[in-house]
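Heads up, the thing below is written out as structure tokens.
None of the figures in this text is laboratory data; all of them are computed from the coordinates on show. Just so we're clear, the structure is a prediction, and the values are computed from it rather than from any experiment. Here the Cβ positions follow ideal geometry from the backbone for every residue, glycine too, while neighbour counts run over all protein chains shown.
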Amino acid sequence: MPPKADINKAGWEQSEFPILCETCLGDNPFIRMSKQEYGRSCGTCARPFTVFRWNPGSGSRFKTTVICQTCAKIKNVCQTCLLDLEYGLPTQVRDTALGYQSEAPTSDINREYYAQNMESKLEGNKSALDTGKAASAGKEMLKQLARTDPYYKRNRPKICSFFAKGECNRGNECPYRHEKPENDELSHQNIKDRYHGHNDPVARKILATNAESQGLKPPEDTNITSLFLSSLSADSTELSIRTKVLKSLPFLDPNQLKSVVHVAKSRCAFINFKDRSSAERAVEAWANGLEIDEQRVNVKWGRSRPAANAASKAVPVAS
């Protein structure tokens, strides 16, 4: 019985060629791939899909697809490294810059149902990601951070676990790298966080570095949770500013926005958040500017409040 005729396999995915970025495909012009239908479950939607395995080039490790093509088209990412196909960046960086929020369910509930519905809508190589209405500041940020050249170093063999324990006796014949593993936050990644753009350590490092390069390094005073917007449009109001702020930060809980203080006379505004982490994520998203009422506004960190005068005169006490 053909797979699609079997009602239990109706939602399973078949494909003839994977969706890959140039880095994962490798520099070998005569690449050979093995194909296994329904070889494993998708790392995000858990549906069985066609798995491809290949060697990108000399001195590289064998690579394989880890998510199905439907999930790759929904996010416009590579099936292996889960990086954006257009900019070569983590999805969290792209979604933060464009103010894009995915509708894909992150929990186990309805994720198969959602993937099957999206498969019928995404015909051919069409992607579900629409960046046509994105702000120019976000696109400018992505063009600045984009990785245009393939980074084949990412295809290196993995670190030898026996060498890390001092037990590898293969020497130069060992197919794995003889290096000591680095135990930092970049070494703790998982497929779902990278795909959905939540708590991706690589993305947070890229965003933080870009914000610092734009002169938006977080101040040492951790009590500062306010951002200063200048060069606002004369037509801007507190409501339009608040609406744009929340729309440009879809990943942020609206309750984390404490207040918006608009000074119409000076054409500026103060955006106050409830905690420091929310302010830092907003700065990372607005590092290249923010557009409010068709006007590019400047973003700066607020200043700390002057401390109370501790040198006040002491009241004499009678003995």
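Which ³J(HN,Hα) values, rounded to whole Hz and listed in residue order, are derived for region 196-208 from phi using the Karplus coefficients 6.51, -1.76 and 1.60 in 6.51 cos²θ - 1.76 cosθ + 1.60 with θ = phi - 60°, glycine and proline given as x?
These are the phi-based 3J(HN,Hα) values: 7, x, 10, 6, 7, x, 5, 5, 5, 5, 5, 5, 5 Hz.
Using each residue's phi in region 45-53, evaluate 6.51 cos²θ - 1.76 cosθ + 1.60 at θ = phi - 60° and report the 3J(HN,Hα) Karplus result to the nearest Hz, with x for Gly and Pro.
Using θ = phi - 60°, the values come out as 9, 6, 8, x, 8, 6, 9, 10, 9 Hz.
Can you pick out the pairs among Lys75/Lys205; Lys139/Lys217; Lys73/Lys158; Lys244/Lys300; Lys35/Lys205 whose Cα atoms lie more than 26 Å from each other? Don't skip to the answer; put the middle values down first.
Details: Lys75/Lys205 21 Å; Lys139/Lys217 21 Å; Lys73/Lys158 28 Å; Lys244/Lys300 17 Å; Lys35/Lys205 36 Å.
Pairs exceeding 26 Å: Lys73/Lys158; Lys35/Lys205.
Dipole magnitude of region 217-301 about its Cα centre, charges +1 at Lys/Arg Cβ and -1 at Asp/Glu Cβ only, in debye to the nearest 20?
The dipole of region 217-301 has a size of about 100 debye.
Give a residue-ordered list of calculated ³J(HN,Hα) values for region 223-228 (Karplus: 6.51 cos²θ - 1.76 cosθ + 1.60, θ = phi - 60°; whole Hz; x for Gly, Pro).
Listing the rounded values in order: 7, 7, 10, 10, 10, 10 Hz.
Normalising by the residue count of region 217-301, find the relative contact order in percent from Cα pairs under 8 Å and 6+ residues apart.
Numbers: 130 pairs, mean separation 37.8, N = 85.
Once divided by the residue count of region 217-301, the mean separation gives 45 percent.
Around Tyr176, with a cut-off of 12 angstrom between Cβ atoms, what is the net charge of the other residues, counting Lys and Arg +1 and Asp and Glu -1?
Numbers: positive: Arg61, Arg156, Lys158, Arg170, Arg177; negative: Glu173, Glu179.
It works out to a net charge of +3.
Between Gln189 and Lys247, 0.36 nm times their residue separation minus their Cα-Cα distance comes to what?
Working: separation 58, 0.36 × 58 = 20.88 nm, distance 2.80 nm.
Here the answer is 18.1 nm.
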